[in-house]
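K.L.:
One structure coming up, written as structure tokens, with questions to follow.
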Amino acid sequence: MPDNKEPISETSETWPELFDQLAENAKDSRLKAFYQAGCVAPDMPLADVPLVALDFETTGLDPDRHSIVSIGLVPFSLDGIQVGKGRHWVVRPQLPLEQASITIHGITHTDIDKAPDLGDVLDEILEAMAGRIAVVHYRSIERPFFNVALQWRLNEGIRFPVIDTMAIEGHLHPNRRPTRWQKFRGMKPVSIRLADSRTRYGLPHYPPHNALIDAIATAELLQAQIHHHFNPDTAVKDLWL
Amino acid sequence: MQAELIDIRNHLAQHAPFDEMAEEMLDKVVSSIEISYFRAGTPILEFGQRNNWLFYVRSGAVEVYRRSGELYSRMSEGEFFGQFGLLMHNTVRFPATAIEDCLIYRIPDTVFKYLWDNDENFADFADTEGRSRLRSALSRREKSNELMTSKVTRLISRKPVAAPCTVRLQEAARIMTDQGVSALLLMDEEDDRPKLKGIITDRDLRTRAVTEALPSETPISEIMSGNLITTRAQSFIFEAMLTMLHNNVHHLPVMDDDEVRGVIALSDIVKYESQSSLFLVSNIYHQQNIKDLKKVSRDVRDSFVRMVNEDANSHMIGSAMAGIGRSFTQRLLELGEEKLGPPPVPYCFMALGSMARDEQLVVTDQDNAMILDDSFDPKEHDAYFLALAKFVSDGLDACGYTYCTGDIMATNEKWRQPLKVWKSYFIDWIDNPKAEALLNSNIFFDLDGIYGRTEFAEELKTLVAEKASNSQRFLAMLARNALNRTPPLGFFRTFVMEEDGKQNKTFNLKRRGTAPLSDLIRVHALACGSRAQNSFNRLKAIAETKLIPEDGVGNLRDALEFISIVRIRHQALAIEAGREPDNNVRPEDLSPFERSHLKDAFQVVSNAQKFLKFRYHSQVGRHAG
């Protein structure tokens, strides 16, 4: 295993300072409150860190061309996932909903017509996230889409650290693609998608593509990863990005 | 509850006791859940630790231990644990460890207690003792069978028709015709209060009076049945039915102390159970040869399945099947005597084992013996009795009661002996007990005379009842043998769990369940000098002596009933599916309800075995030393 031991996180340890600064500069009161809730200390052991699993369903993969369709989140800690506090919102996308994404998310035009704009539920979302470290599976979705959506509506973006369960899997399986020789010997590539990663930890199969279920699934995956590859004393700065 | 949590809700709703839970209650549970992941090998609960959660296994597997570290149970998907501690001041009593990577749904104690107080089904299920829920499971079941919930007095439609026992034959027949009854009670009117003295039925008039061409002036007392079989006014209908089956009578006077309340007839019960096993019995007596008996024997299994489907209890089914087996034997003996002539000396034909205990099912071999009069002379008489024994044994085999592999049959010379020899057998078994020998003679301690001079068998019962209770060494030996076969610990996924943690694919519900129970009940019954043979009746006798605590007796009765019923249902299902019924059960064939209650019942058996060991152990030590 070549580079397993290298740290996952190469980001600065300066998230708490950055939050202070962002709180200072934020113009929107909701954003200001979010930053003011602060960011946990980089050395805080994972066991003590308040977490929130976050999942967005979107009309595509490009934050500049596609929109958020639904948002799921659930607060948790290494100890437990508070299912009853899980939230789920369908929001009206700014760009037309494509047929392809309807089949994936099961969200129809009728659902969307009745749905609020992201701006209308922003206070609830930010309140649920405040003081917690976000956990996502694949960091190139939730944070950039959220950032673009807020730029668009508030003229200011959003920044926050995330723990990426997919990055952790990627880190554990650096050589996922078998060489031609290995392929010849029957080796299959290792998938680090959410459902496949969960299977490796004996986690049950959930129906995919509902934002709240995916958020719960991501939270469970992080618990399993920590118990298998790290430990409750691991500092949060080793995992956040 | 968020609609998106439907997957969690559905998972709970697939597993007992959540499957029967009201929707709002289930929503409340789902919203309260915290999900936790435990890696294989990690402790989840440690002894003495504070705990405020009920643990539901969503995936993976968990082992639960006793305080001593002994394995208590292995839980998998859909099962829960931790309730022991929640009911005991939130202190962990049964530690638990993940043995596979587990995803656990934790339900807070506030919700647990809410469910405990508001959902009876949940409380029954989560009851740590497991025994009261066994009882409520059984009572729910028994409520559905009218024979078991209605008293015999319901069947009495008119005042009893009676006459003084001094009347003559013709007068008796006239009264019966005038009153339109098939049975007439005969009273002794010498005292101020008339006392029931006998009964005469249509059948008696036909078989005893008409066929013998008795003069119409014959005193009725000469042909009436004086050895009266009756039932109490408090009895349930099924008890009356068992009495009829056991004694092959079709009319029962119903007694309130020594006063007659009325008479119930076979036809009254048939109204309740249209395809009665009583019919089958009366049909057996009409067959004239083995070939025809064999034809009738094909209905035995149908009758069995019908009783199971009508929710009869195991006592009822076991007695009915034994009654049928007894009737086949009795009819074969009658036919044998017709063929071979009357017996040269009096004899008693004796049933042993399950038939004697009234606990027979459909998969059964024949266990029988003959007690001959002490005037028996082997040279002169044995050819007759051997021929008769062979006739009966072959006939029984033809009717589905296969030959006994242990050769415990009247065809074996050793088990075809005069009363004095039988007495010496029993005295030897009791006075010089040897574990090995007792294993083989166990079956003789369940005995019942079913034909001929049944008083011979009664003499043996008396001898055993008097001697056994005074021989601690014999009881200790019997107790030791009763511990040879133990129940399984429980179930895990599709496996049977053993106490050492081993897992098997199937288990024998007779060898691992009902047999160890009837073995240990026999020991206690003999210790308290009971003459009862049936395990449920033996338990009644044990309860009266306070030999074991009262709730202990109740638990044993419930455990026996539940294991028996599962075994019976298993056989009935096989018959209905066209398979040969047996006693081997695979856990996947059991419903979640059966699995969880069977585990409770096994626990009762296991505890009772421990008690037996403790109760009779010291005596073994003293004499063995």
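The values are calculated or read from the model by the stated rules, or taken from the named source; none is laboratory data. Since this is a predicted model, take the numbers as computed values, not measurements. Neighbour counts are summed over all protein chains in view; Cβ atoms, including those assigned to glycine, are modelled from backbone coordinates with ideal geometry.
K.L.:
Go over the candidates B:G449, B:G400 one by one and state the one that is surrounded by fewer than 22 Cβ atoms within 10 Å (Cβ to Cβ), within 30 Å of B:L293 (Cα to Cα) and in contact with a strand residue (DSSP E or B) (Cβ under 7 Å, 6 or more places away or on another chain).
P.N.:
B:G449
K.L.:
Would you mind stating whether B:F491 is farther than 30 Å from B:V296 by Cβ, in a helix (DSSP H, G or I) and not assigned by TED's automatic domain parsing to the domain that holds B:T364?
P.N.:
Values: farther than 30 Å from B:V296 by Cβ: yes; in a helix (DSSP H, G or I): no; not assigned by TED's automatic domain parsing to the domain that holds B:T364: yes.
Considered against the rule, which asks whether it is farther than 30 Å from B:V296 by Cβ, in a helix (DSSP H, G or I) and not assigned by TED's automatic domain parsing to the domain that holds B:T364, B:F491 comes out as no.
K.L.:
Further question: Just wondering, is there one or more residues in region B:371-385 that are under 28 Å from the mean Cα position of the chain (by Cα), farther than 22 Å from B:L460 by Cα and surrounded by fewer than 21 Cβ atoms within 10 Å (Cβ to Cβ)? Give the derivation first.
P.N.:
The initial filter retains those residues of region B:371-385 that are under 28 Å from the mean Cα position of the chain (by Cα), namely B:371.
With the extra rule that they be farther than 22 Å from B:L460 by Cα, the set shrinks to none.
Scanning region B:371-385, I find no residue that is under 28 Å from the mean Cα position of the chain (by Cα), farther than 22 Å from B:L460 by Cα and surrounded by fewer than 21 Cβ atoms within 10 Å (Cβ to Cβ), so the answer is no.
K.L.:
Any residue that is touching a His at 6+ places or on another chain (Cβ under 7 Å), in a helix (DSSP H, G or I) and crowded, with 21+ Cβ neighbours inside 10 Å - is there at least one of those in region B:277-286?
P.N.:
no
K.L.:
Somewhere in region B:228-237, is a residue over 22 Å from the mean Cα position of the chain (by Cα), assigned by TED's automatic domain parsing to the domain that holds B:R193, at pLDDT 85 or above and among the charged types (D, E, K, R)?
P.N.:
No; the residues of region B:228-237 include none that is over 22 Å from the mean Cα position of the chain (by Cα), assigned by TED's automatic domain parsing to the domain that holds B:R193, at pLDDT 85 or above and among the charged types (D, E, K, R).
K.L.:
Does A:L222 satisfy the condition of being crowded, with 18+ Cβ neighbours inside 10 Å, assigned to a loop (DSSP other than H, G, I, E, B) and within 14 Å of another protein chain (Cβ to nearest Cβ)? Break it down stepwise before answering.
P.N.:
Working: crowded, with 18+ Cβ neighbours inside 10 Å: yes; assigned to a loop (DSSP other than H, G, I, E, B): no; within 14 Å of another protein chain (Cβ to nearest Cβ): yes.
The answer is no for A:L222.
K.L.:
Follow-up. Going through region B:399-450 one residue at a time, which ones are aromatic (F, W, Y) and closer than 30 Å to B:Q288 by Cβ? Before the answer, list the steps.
P.N.:
Start the filter on region B:399-450 by keeping residues that are aromatic (F, W, Y), which leaves B:401, B:403, B:415, B:422, B:425-426, B:429, B:444-445.
Listed by number, the residues that qualify are B:Y401, B:Y403, B:W415.
K.L.:
I want to confirm something. Restricting to region A:91-120 and keeping residues that are among the β-branched types (V, I, T) and more than 22 Å from A:D64 (Cβ to Cβ), which single residue is modelled with the lowest pLDDT?
P.N.:
To start, the set of residues in region A:91-120 that are among the β-branched types (V, I, T) comprises A:91, A:102-104, A:107-108, A:110, A:112.
With more than 22 Å from A:D64 (Cβ to Cβ) added as a condition, the list becomes A:103, A:108, A:110.
Values: A:T103: 61, A:T108: 72, A:T110: 74.
Per the criteria, the residue is A:T103.
K.L.:
Within region A:110-122, track down each residue that is in contact (Cβ under 8 Å) with a residue 24 or more places away in the chain and surrounded by 14 or more Cβ atoms within 10 Å (Cβ to Cβ).
P.N.:
Correct list: A:I112, A:A115, A:L118, A:G119, A:V121, A:L122.
K.L.:
Can you tell me how many residues within region B:337-353 are touching a helix residue (DSSP H, G or I) at 6+ places or on another chain (Cβ under 6 Å), crowded, with 22+ Cβ neighbours inside 10 Å and not hydrophobic (A, V, I, L, M, F, W, C)?
P.N.:
1
K.L.:
If B:V29 meets every condition in (1) more than 12 Å from chain A (Cβ to nearest Cβ); (2) at pLDDT 90 or above apart from one, which number is that one?
P.N.:
(1)
K.L.:
Residues to consider are A:L61, A:L73; find the one that is under 28 Å from B:E4 (Cα atoms), surrounded by fewer than 14 Cβ atoms within 10 Å (Cβ to Cβ) and either in contact with a helix residue (DSSP H, G or I) (Cβ under 9 Å, 6 or more places away or on another chain) or modelled with pLDDT of 95 or more (or both).
P.N.:
On the way: A:L73 fails: surrounded by fewer than 14 Cβ atoms within 10 Å (Cβ to Cβ).
After applying the criteria, what remains is A:L61.
K.L.:
Any idea which residue in region A:76-87 is surrounded by the most Cβ atoms within 10 Å (Cβ to Cβ), counting only those that are part of a loop (DSSP other than H, G, I, E, B) and facing chain B (nearest Cβ under 7 Å)? I'd like the intermediate steps shown before the answer.
P.N.:
Within region A:76-87, the subset part of a loop (DSSP other than H, G, I, E, B) is A:77-80, A:86.
Filter again for facing chain B (nearest Cβ under 7 Å), leaving A:79-80, A:86.
Numbers: A:D79: 14, A:G80: 19, A:G86: 27.
Step by step, filter region A:76-87, then rank; the result is A:G86.
K.L.:
Same structure, new question: Somewhere in region B:100-119, is a residue closer than 29 Å to A:L203 by Cβ, among the basic types (K, R), more than 14 Å from every other protein chain (Cβ to nearest Cβ) and touching a residue at least 24 places away in the same chain (Cβ under 8 Å)?
P.N.:
Among the residues of region B:100-119, not one is closer than 29 Å to A:L203 by Cβ, among the basic types (K, R), more than 14 Å from every other protein chain (Cβ to nearest Cβ) and touching a residue at least 24 places away in the same chain (Cβ under 8 Å), which makes the answer no.
K.L.:
Within region A:179-193, identify whether any single residue is touching a helix residue (DSSP H, G or I) at 6+ places or on another chain (Cβ under 6 Å) and either surrounded by 12 or more Cβ atoms within 10 Å (Cβ to Cβ) or free of Cβ contacts under 8 Å to residues at least 60 places away in the same chain (or both), and answer yes or no.
P.N.:
Taking region A:179-193 first, the residues touching a helix residue (DSSP H, G or I) at 6+ places or on another chain (Cβ under 6 Å) are A:192.
Of the ones still in play, those that are also either surrounded by 12 or more Cβ atoms within 10 Å (Cβ to Cβ) or free of Cβ contacts under 8 Å to residues at least 60 places away in the same chain (or both) are A:192.
Yes: one or more hits.
K.L.:
Taking the residues in region A:225-238 that are more than 8 Å from chain B (Cβ to nearest Cβ) and outside any loop (DSSP other than H, G, I, E, B) as candidates, determine which candidate is farthest from A:P50 (Cα to Cα).
P.N.:
Start the filter on region A:225-238 by keeping residues that are more than 8 Å from chain B (Cβ to nearest Cβ), which leaves A:225-226, A:229-238.
Still in the list and also outside any loop (DSSP other than H, G, I, E, B): A:225-226, A:229, A:235-238.
Details: A:Q225: 17, A:I226: 15, A:H229: 20, A:A235: 13, A:V236: 11, A:K237: 14, A:D238: 16 Å.
Taking the candidates together, the pick is A:H229.
K.L.:
Output the number of the condition that B:A435 fails; it satisfies all remaining conditions of (1) within 29 Å of B:L245 (Cα to Cα); (2) at pLDDT below 95.
P.N.:
(1)
K.L.:
I've got another one for you. Give me the strands (runs of 3 or more DSSP E) completely within region B:149-221, filtered to those with at least 3 residues that are out of contact with any helix residue (DSSP H, G or I) (no Cβ under 6 Å at 6 or more places or on another chain), ordered by residue number.
P.N.:
Working: elements: B:162-164, B:183-188, B:195-201.
Fully inside region B:149-221 and qualifying: B:183-188, B:195-201.
K.L.:
Hey, another quick one. In region B:570-587, is there at least one residue being buried (at least 21 other Cβ atoms within 10 Å of the Cβ) and of a type in the set (G, A, S)?
P.N.:
yes
Quick grid of which residues meet (1) under 25 Å from B:V392 (Cβ atoms); (2) in the same structural domain as B:L517 (by TED's automatic domain parsing); (3) under 22 Å from the mean Cα position of the chain (by Cα):
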site	(1), (2), (3)
B:W422	yes, no, no
B:K434	no, no, no
B:F444	yes, no, yes
B:L447	yes, no, yes
B:I450	yes, no, yes
B:L460	yes, no, no
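K.L.:
If B:S68 meets every condition in (1) farther than 24 Å from A:L51 by Cβ; (2) surrounded by fewer than 18 Cβ atoms within 10 Å (Cβ to Cβ); (3) of a type in the set (S, T, N, Q); (4) within 13 Å of another protein chain (Cβ to nearest Cβ) apart from one, which number is that one?
P.N.:
Every condition holds for B:S68 apart from (4).
K.L.:
Out of the residues in region B:32-56 meeting the condition of being part of a loop (DSSP other than H, G, I, E, B) and more than 10 Å from every other protein chain (Cβ to nearest Cβ), tell me which one is nearest to B:F112 (Cα to Cα).
P.N.:
At the first step, the residues of region B:32-56 found to be part of a loop (DSSP other than H, G, I, E, B) are B:33, B:39-42, B:46-49, B:51-52.
When the remaining residues are screened for being more than 10 Å from every other protein chain (Cβ to nearest Cβ), the result is B:41, B:46-49, B:51-52.
Details: B:G41: 27, B:E46: 20, B:F47: 20, B:G48: 20, B:Q49: 18, B:N51: 12, B:N52: 9 Å.
It comes out as B:N52.
K.L.:
Out of all the residues in region B:80-94, is one or more within 13 Å of another protein chain (Cβ to nearest Cβ), surrounded by fewer than 22 Cβ atoms within 10 Å (Cβ to Cβ), in contact with a helix residue (DSSP H, G or I) (Cβ under 9 Å, 6 or more places away or on another chain) and closer than 22 Å to B:F602 by Cβ? Break it down into steps so the answer makes sense when it comes.
P.N.:
At the first step, the residues of region B:80-94 found to be within 13 Å of another protein chain (Cβ to nearest Cβ) are none.
No, region B:80-94 contains no residue that is within 13 Å of another protein chain (Cβ to nearest Cβ), surrounded by fewer than 22 Cβ atoms within 10 Å (Cβ to Cβ), in contact with a helix residue (DSSP H, G or I) (Cβ under 9 Å, 6 or more places away or on another chain) and closer than 22 Å to B:F602 by Cβ.
K.L.:
Right, another one. Can you tell me which residue among A:R180, A:R193, A:R176, A:R185 is among the charged types (D, E, K, R), more than 14 Å from chain B (Cβ to nearest Cβ) and within 15 Å of the chain's Cα centre (by Cα)?
P.N.:
Working: A:R180 fails: within 15 Å of the chain's Cα centre (by Cα); A:R176 fails: within 15 Å of the chain's Cα centre (by Cα); A:R185 fails: within 15 Å of the chain's Cα centre (by Cα).
Exactly one of A:R180, A:R193, A:R176, A:R185 is among the charged types (D, E, K, R), more than 14 Å from chain B (Cβ to nearest Cβ) and within 15 Å of the chain's Cα centre (by Cα), namely A:R193.
K.L.:
May I ask you to verify whether B:E359 is assigned by TED's automatic domain parsing to the domain that holds B:K423 and surrounded by fewer than 19 Cβ atoms within 10 Å (Cβ to Cβ)? Quick ask: steps written out before the conclusion?
P.N.:
On the way: assigned by TED's automatic domain parsing to the domain that holds B:K423: yes; surrounded by fewer than 19 Cβ atoms within 10 Å (Cβ to Cβ): no.
Spelling it out, it is not the case that B:E359 is assigned by TED's automatic domain parsing to the domain that holds B:K423 and surrounded by fewer than 19 Cβ atoms within 10 Å (Cβ to Cβ).
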